[in-house]
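The values are calculated or read from the model by the stated rules, or taken from the named source; none is laboratory data. Everything numeric in this text was worked out from a predicted model, so none of it was measured. Cβ placement follows ideal geometry from the backbone for every residue including glycine, while neighbour counts extend to all protein chains displayed.
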Amino acid sequence: MFAGYIVDHSLAGSHSEQTDPMMALGAPDSEFVSPGVGGWIELALLNEMSDSIIVFEAPGESKSLVPEGFSLYGKKALGAEWRFIGNGFGTTAFMLPYELSEIRYVRIMDDGDGDPYESAPGFDLDAVGAGAFSSIEEAAHFAKSELNIGIFTNPFNSSCEITAPANTRI
């Protein structure tokens, strides 16, 4: 399942050409929103139970091939406190610990690095997916068009990063 609606957003700066937050909804489709350097977007996921979340960065045809950084937060209810899940670069999959498996809302915050005057400043958010992936290979399949896939097995302890060219079987 993918994000179904926008809860809130703060687009930093006025130089982005990609300012429609609706572009972050649904499955990855290369249509994206750039929240700007230091900006953020909050989305509601369509399913409530998940052991993993994948944040998809837009493919690099129209921008730098260097993956951009972000922080991911989640919470179970609108009035709840945001819980830090992890940092990512490019398309990143996060395996959630049990206590975070009922996350309904996510906040993707640009890491604040980059040029605020480029045409798509900040992390270029294409989509957010949540699901029960049984393996790194299954998670990587959902991000098959990306050049950089970070798989974090536990955001509170250890992590591993897998980098492979597009269309490479991992």
Given the conditions (1) under 15 Å from residue 2 (Cβ atoms); (2) of a type outside the set (Val, Ile, Thr); (3) modelled with pLDDT under 90, report the number of the one that residue 140 does not fulfil. (1)
State which residue is modelled with the lowest pLDDT when the search covers only the range 57-110 and only residues that are of a type in the set (Asp, Glu) and surrounded by 23 or more Cβ atoms within 10 Å (Cβ to Cβ). 68
When every residue in the range 81-112 that is within 22 Å of residue 23 (Cα to Cα) and part of a loop (DSSP other than H, G, I, E, B) is compared, the one nearest to the chain's Cα centre (by Cα) is 90
Over the range 11-36, the set of residues of a type in the set (A, V, I, L, M, F, W, C) and modelled with pLDDT of 85 or more is 22, 23, 24, 25, 27, 32, 33
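With respect to residue 118, is the statement that it is farther than 25 Å from residue 31 by Cα and either charged (D, E, K, R) or not in a loop (DSSP other than H, G, I, E, B) (or both) true? Walk me through how you get there before you give the answer.
Values: farther than 25 Å from residue 31 by Cα: no; either charged (D, E, K, R) or not in a loop (DSSP other than H, G, I, E, B) (or both): yes.
It is false that residue 118 is farther than 25 Å from residue 31 by Cα and either charged (D, E, K, R) or not in a loop (DSSP other than H, G, I, E, B) (or both).
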